[in-house]
Every structure is written in structure tokens, then in C-alpha cells.
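The values are calculated or read from the model by the stated rules, or taken from the named source; none is laboratory data. For clarity, every value in this text was computed on a predicted model and none was experimentally measured. With ideal geometry, Cβ positions are generated from the backbone for all residues, glycine too; neighbour counts draw on all protein chains shown. Just so you know, the surface numbers come from the protein's heavy atoms only, side chains and all, with ligands and any DNA or RNA stripped out. Shrake-Rupley method; radii C 1.70, N 1.55, O 1.52, S 1.80 Å.
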Amino acid sequence: MIGKNIIESEPIPGVEVKEILEEFSEDNELNYEQNVTLNHLARFRRYSLEDSEEIVAKLQEEFNLRPKVAVHIVDLVPEDLADLRLIFAKEPSKVDNEEMKKILELLEQYDVVE
């Protein structure tokens with residue numbers, strides 16, 4: 001790691017990571033970590049890539065959520081208030097129940113891919 005610096009870091013949805021790894025694996029052999037990541041991402045329900053990007057954008061615009069939190073919501077596909085509370089548990093800015101209900105209503109508008 002000597003001489004390597006992180007220049008920029010941006011959270012991206014798991015469905016995008018999965019797509020990137022699948023494209024990469026067509027021409028290259030995946031290393032152990034990449035293979036484990038791809039297997040993990042294939043196990044869970046997710047929104048489509050287009051829906052994920054749209055949901056993240058709406059969560060940031062309408063609810064002023066940080067990109068990291070918006071991506072967590074998209075990746076975890078919360079089904080009820082208890083799930084959302086867990087996501088917001090360590091957030092410095094608190095989200096009230098009304099906003100969480102609105103977030104769930106927003107998520108219900110999109111289909112989850114198995």
C-alpha cells in the first residue's frame with residue numbers, strides 16, 4: 001500500500017457493483033475477494049440498476065439524505081419502520097416517523113428483482 005492514496009470515494013449501489021463485476025469476469029478471472037463479493041450480491045433481493053439510481057437521487061433530493069445512507073436504503077430494501085430505524089440508528093441527523101413512512105411509500109413504488 002505504500003504510495004497509494006484514495007483520491008475520491010463515492011458510495012454506489014450493490015446492483016451496480018454486481019454489474020461491474022459480471023462485466024469484468026467476462027474477460028478476466030476474478031480474484032478471491034471479487035468472487036466472494038459477486039456471490040454475496042447474487043443472494044439478495046435488489047432493485048434494478050435504473051430503479052436504484054432513481055431511488056438514490058430521490059432520497060437525496062426529497063429527504064436530504066447523505067449518499068451513503070441513500071445507498072444503504074437501496075441495498076438493504078427495508079420493508080418496515082423497524083428496518084429503516086436500524087439504517088438511521090447511527091445517523092447524526094434524526095429522521096422522524098413521518099419521513100420514514102414517506103420513504104417506505106417511495107420504495108413501494110418500485111419492483112424488487114429476485
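Just checking, does the stretch 4-12 include any residue being open to solvent by less than 70 Å² (accessible area, probe 1.4 Å), in a helix (DSSP H, G or I) and of a type outside the set (V, I, T)? Show your work before the answer.
First, the residues of the stretch 4-12 that are open to solvent by less than 70 Å² (accessible area, probe 1.4 Å): 11-12.
Pick out the ones that are also in a helix (DSSP H, G or I) and you get none.
Checked the stretch 4-12: no residue is open to solvent by less than 70 Å² (accessible area, probe 1.4 Å), in a helix (DSSP H, G or I) and of a type outside the set (V, I, T).
Name every residue in the stretch 1-29 that is of a type in the set (A, V, I, L, M, F, W, C), more than 22 Å from V77 (Cα to Cα) and at pLDDT 95 or above, in order of residue number.
Narrowing the stretch 1-29 to residues of a type in the set (A, V, I, L, M, F, W, C): 1-2, 6-7, 12, 15, 17, 20-21, 24.
So of that shortlist, the ones also more than 22 Å from V77 (Cα to Cα) come out as 1-2, 6-7, 24.
The one that is of a type in the set (A, V, I, L, M, F, W, C), more than 22 Å from V77 (Cα to Cα) and at pLDDT 95 or above: F24.
Just to verify a result, which residue in the stretch 35-71, among those that are polar (S, T, N, Q) and open to solvent by 50 Å² or more (accessible area, probe 1.4 Å), is farthest from I87 (Cα to Cα)? I'd like the intermediate steps shown before the answer.
Kept after step one, since they are polar (S, T, N, Q), are these residues of the stretch 35-71: 35, 37, 39, 48, 52, 60, 64.
Now narrow it down to the ones that are open to solvent by 50 Å² or more (accessible area, probe 1.4 Å): 35, 37, 39, 60, 64.
Numbers: N35: 27, T37: 21, N39: 23, Q60: 15, N64: 15 Å.
Among those residues, the one meeting the criterion is N35.
Just the residues that are open to solvent by less than 80 Å² (accessible area, probe 1.4 Å) and farther than 24 Å from K18 by Cα, please, taken from the stretch 74-95.
Restricting attention to the stretch 74-95, the residues satisfying the condition of being open to solvent by less than 80 Å² (accessible area, probe 1.4 Å) are 74-75, 77-78, 80-84, 87-89, 91, 93, 95.
Scanning the stretch 74-95 gives D80, L81, A82, F88, A89, E91, S93, V95.
Are there any pairs, at least 6 apart or on different chains, whose C-beta atoms fall under 6 Å, with the first in the stretch 86-107 and of a type in the set (A, V, I, L, M) and the second open to solvent by 60 Å² or more (accessible area, probe 1.4 Å), and if so, which?
I87/H72
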